[in-house]
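The values are calculated or read from the model by the stated rules, or taken from the named source; none is laboratory data. This is a predicted model, so every value here is computed, not measured. Note: ideal-geometry Cβ built from the backbone for every residue, glycine included; neighbour counts use all protein chains shown.
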Amino acid sequence: MIDRRSLLRAALPGLASWSGLASWPRLASAAPASVTDRKLANRLELWSSYADRTQNLMARLSTRRETSLLEEPLMSTGTLVFRAPRLLVLRDDGLQGSTTLVDGDEIRVFLNTEPHDTPEAIEADTRPAAQWLARRLRLMFAPGDGTALLEDTRTHVPRGRGHRLELMPPRGSATRRQLRSVSLQLDPVVGTITQIVIAEAQGDRVVMGLSDHRQNLPDEDITSFLEPLKL
Amino acid sequence: MVTAWLVAVVILLARVMGDPGVEVSGDTQALLPPEHRAVEGEPLLLLTIRPEAQEEAEGGVDLLLAAASAVGEQLGERRVPLGPPAAELTGWLDAHALYLLPVEAHEALAERLSRASMSAAVDALRARLSSPIYGLSGEEPRRDPLRLQQLSRQYAGRLTHLGNGEDMPAELTPTGDLLALDGQALLIELRSDEPPAALLEEVRAVLPSDAVEAALIGPGPRREQVAADISARWPRLTTLVVAGLVVVLSLALRAVRPVVAILLAVGSVVLGVVVLSPPPGPHDVAMLVLLAGFGCEGALHLTRISPRGWPAAAALGGALLPLWVSPYPAWRAWSLGWLVGIVAVVVLLRGLVPGLLSLARYTTAPARTGVRLQPLRPLAVVLAVSALAAGAWSLPQLPFLALDRTPRTGADEGPQQLVRDAFFDPRLVVRATSEGDTPAAALERAAEHARQLAALVPDDATRVDSPGRLVLPAAELRSRQRSLQALEIDDRMTALHELLATRGFRPDAFGEFLRGATDLEDLPTPKAALEGPLGPWIEGYLEDEGPALATRVHLRPRIDDPVPRLVNDEGDVIELRGPAVAARRDRLGFADGLGLYVMGQLWIGALAVWLGTRSLATALACACAALVAQTALLAAMLPLGLPLGAAMLPVVLLVGAAAVVAGGRACQSVRNDERLHATGVLLSGLGQAAAGLALFASRDPLWEQLGLMVAVGAVIASGAGLFVAPGLMRLFGGGGRGAARAPVRPEPEPEPEPDTAHLSTEPLSPEAPTATSEDDAP
């Protein structure tokens, strides 16, 4: 586990060199970081190399929820759309699915057959765990150096293959009582997020696979996707 | 008289210097009728995490729960659950979910339990499960797969015990405390008559971590805090008052010995009131300061109104008498206390001061030349009309200080504000009492009341917190049982079981719901609740006197709304009691009350002036001047940002009385064609203003507001008395005309006359003719 301060200490030289600030002596002469810190800095550098250019993003989404409510894991497919800086939409394909809308601090889940402002929609704005997760999900695709993403978060870089980064709510927080972690899997070359794994405290697990990333599409493509939602 | 006074002062000083000395009350509920006062023995304990003591990667929930556990172990039965223990409540709700829906909802329930609706609900559940947020959204599909809680909200209001309100960002802990959803605060209810400071010390001693901070909230801790504040501010306030009066008296009298004598007389009266009356609270301290400031009026030889000088004392002493009919206990007591205080001050000033001055071999200084007032009727009319119009315009726009609120400093407000933001506003909690022969009967009665009180949600109230919401009266229970049996719940639950399995769900995961819905023989009766796991929590609602159960209603913060009136099935009114109820009633009737008290004060003042002068025009002019001063004060309060409320009523009346006295003096000066000495204006107007400024500089939020009102009001009252009353008197046909007019005499300017206009140097005696009355002789 790495606290945010040491993380930023480790990440600063990498970020500085990536952003052309390596000539700044104070940043370049930062104290040598541990192996774990260097790994985290590398993950952030890889992630930001893609995310920092994002004005909008559309990707195919496959969701798998493992829950004790169901005999078999629930599988669904859909589309993820992000529009900087604050809009994230996860919409299942077909009328049998649902849509998750994160617009700033507004969080709603509604059926695809219903408008987004239906009274039947689930509003999770006041739920700290939902807020924490929604904020992380939104910031994963937003441009930035990672400071906002890692705010109010513990981090862990799992061993093994793949470029993964695990985000966890603070120990002893209200969020931690409902949510264990959110893991990102990054594409080692491009830096896109290819998988998000959400581990809930009660045992449910949600695995979201992302593919076919299309970054900075023309506005009309995003608008045409959002139009049925009347956002 | 001097000897008697000395003995009395020695006794009073011995009482003050000895044990226990002067006690201070700190009671901020003194204006509330007793039946509406908040209970002092039920403080709330707020546990918070010190931000600076918390590591970045650590939340506070574990620390707070550990601290709550330690506090619970230490306090034992003194800690009572604020809400039902979470697990026991969940079990009860799951077992009786359908019974808690009213019969009116059963048609909608039947529709929701139709095969098509259940199929749609299960499909919707499956669809929502694909959202990554769903598991954290607060939805509980295991307990409510068909979202029947929506029906509860629609037909029965929310099951509005604490901890499940959507408008409150908090949740119940397993032991029934409230935990803020952000994990930074935890609220515990206590029952204890111990001094709050000792209780807090005991709590702090067992806190397991320095990172956890404890604070007590409620009227009891508030009383203790205010008492400590008063004790701390007392020396400063006393110094300010004495300094202010010394300055004013010195300016007016220009001699040390009379200043000392007057201060000794006034101070001994204030000392006597402090010792002989109940321990003073924040309102009483302000009144004591005003008594000192307004009491200096008695130092004047009041011959400007009448030869004997009693009308001014009567107008001033009787100023608060109208408050005798008010609903404010503190002001009812002060309506007579003020009269007694003023009488005592006047008696001492007119009886003791001459004696003291005689002992000190002080001889009266010659009078300085005064001014001859020239009443201007147009000016008086313009001023009066302007003030009345401005006051009438300002009155509805003035901010209102509610009866249940006392201004407090920002530092005191911190924990209270946190409780309001993270949990609920304790100031808005009012109570309804349900009585019965046994606790079970009281709970059944509370169930009926709670059902009717639930109609207040959401328009008038945010929550009806009662165990009665979880049980049903016998008749209602039978009715719902028959209605539910007609719905053939068993068959529908069997269908739901099959449906869930068909859609890929594990029906066992919904076992709590399916079992609770199917078992219609497990009834939510009061007896079952009291004997079940919710019993200890319910007992916390039982009141000491007889088997009675309290329902806590969380009103909306709408001071301008009338108190909701509810009638039960027997036609009896369900009485709501609490500070917020008293405040709403007071707000609704405040304007009427203010008018009544002001009219009473004007009548008393005018009567005193008429009896003293036998001039109806003078009496009317003084009353009008007083009304002008009061309305001008209201107009001045608007730009000054001062609120109006019950706490300010005495100031309004005293300003009126001051204007009556100033007006009477000015009118008599005109009627008798005498010069008006500046000494009188200085001593009365500035003495009052000095008391107000001392309060204003006291750094107490309530006293600051009152002090500013008094200071401004005193200046306005002097102005109204000097410039409005004589002009109006002329307008009403008095002064300078007819029999009332004193014969014109030559100007006495070249020869100084004895200054009996500003200071009494003679012993009080009804028969003793005053020098001025002799001067008044043709």
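Side notes on the structure shown:
- Residues considered: B:Leu514, B:Leu487, B:Leu428. Of these, the only one that is of a type in the set (A, V, I, L, M, F, W, C), touching a His at 6+ places or on another chain (Cβ under 7 Å) and within 14 Å of chain A (Cβ to nearest Cβ) is B:Leu514.
- Once segment B:695-730 is narrowed to residues that are farther than 18 Å from B:Val628 by Cα and touching a Lys or Arg at 6+ places or on another chain (Cβ under 9 Å), the residue that is modelled with the lowest pLDDT is B:Arg699.
- Pairing residues of segment B:130-147 that are facing another protein chain (nearest Cβ under 7 Å) and on the phi > 0 side of the Ramachandran plot with residues that are surrounded by fewer than 22 Cβ atoms within 10 Å (Cβ to Cβ) and not in a helix (DSSP H, G or I), at Cβ distances under 8 Å and at least 6 apart in sequence or on separate chains, gives B:Gly138/A:Ile122.
- Lone unmet requirement of (1) in contact (Cβ under 8 Å) with a residue 12 or more places away in the chain; (2) within 14 Å of chain B (Cβ to nearest Cβ) for A:Leu70: (1)
Results for (1) outside any helix (DSSP H, G or I); (2) at pLDDT 90 or above; (3) more than 30 Å from B:Asn672 (Cα to Cα); (4) of a type in the set (A, V, I, L, M, F, W, C), shown as yes or no for each residue.
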| site | (1), (2), (3), (4) |
| --- | --- |
| B:Ile305 | yes, no, no, yes |
| B:Pro311 | no, no, no, no |
| B:Arg332 | no, yes, yes, no |
| B:Arg350 | no, no, no, no |
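- Contact map, segment A:172-187: residues that are more than 9 Å from chain B (Cβ to nearest Cβ) paired with residues that are of a type in the set (A, V, I, L, M, F, W, C) and part of a loop (DSSP other than H, G, I, E, B), Cβ distance under 6 Å, separation 6+ or inter-chain. Pairs shown: A:Arg180/A:Ala201.
- The set of residues from segment A:129-157 being within 20 Å of A:Ala174 (Cα to Cα), touching a strand residue (DSSP E or B) at 6+ places or on another chain (Cβ under 7 Å) and part of a loop (DSSP other than H, G, I, E, B) comprises just one member, A:Thr153.
- Any hit, segment B:192-199, residues being farther than 17 Å from B:Ala67 by Cα and surrounded by 17 or more Cβ atoms within 10 Å (Cβ to Cβ): yes
- Looking across segment A:141-170, the residues that are surrounded by fewer than 22 Cβ atoms within 10 Å (Cβ to Cβ) and touching a Phe, Trp or Tyr at 6+ places or on another chain (Cβ under 8 Å) come down to A:Ala142, A:Asp152.
- B:Gly220 vs. criteria crowded, with 20+ Cβ neighbours inside 10 Å and either farther than 16 Å from B:Leu682 by Cα or of a type in the set (Phe, Trp, Tyr) (or both): yes
- Tallying residues that are more than 16 Å from B:Val340 (Cα to Cα), in contact (Cβ under 8 Å) with a residue 60 or more places away in the chain and surrounded by fewer than 24 Cβ atoms within 10 Å (Cβ to Cβ) within segment B:261-279 yields 2.
- Out of A:Leu95, A:Leu61, one residue alone is farther than 23 Å from A:Leu179 by Cα, more than 7 Å from chain B (Cβ to nearest Cβ) and not charged (D, E, K, R). It is A:Leu95.
- Just so you know, in segment A:73-92 the residues that are among the charged types (D, E, K, R) and more than 11 Å from chain B (Cβ to nearest Cβ) include one that is surrounded by the most Cβ atoms within 10 Å (Cβ to Cβ), and it is A:Arg83.
- Considering A:Arg176, A:Arg180, A:Arg164, the condition of being touching a strand residue (DSSP E or B) at 6+ places or on another chain (Cβ under 9 Å), in a loop (DSSP other than H, G, I, E, B) and basic (Lys, Arg) is satisfied by A:Arg176 alone.
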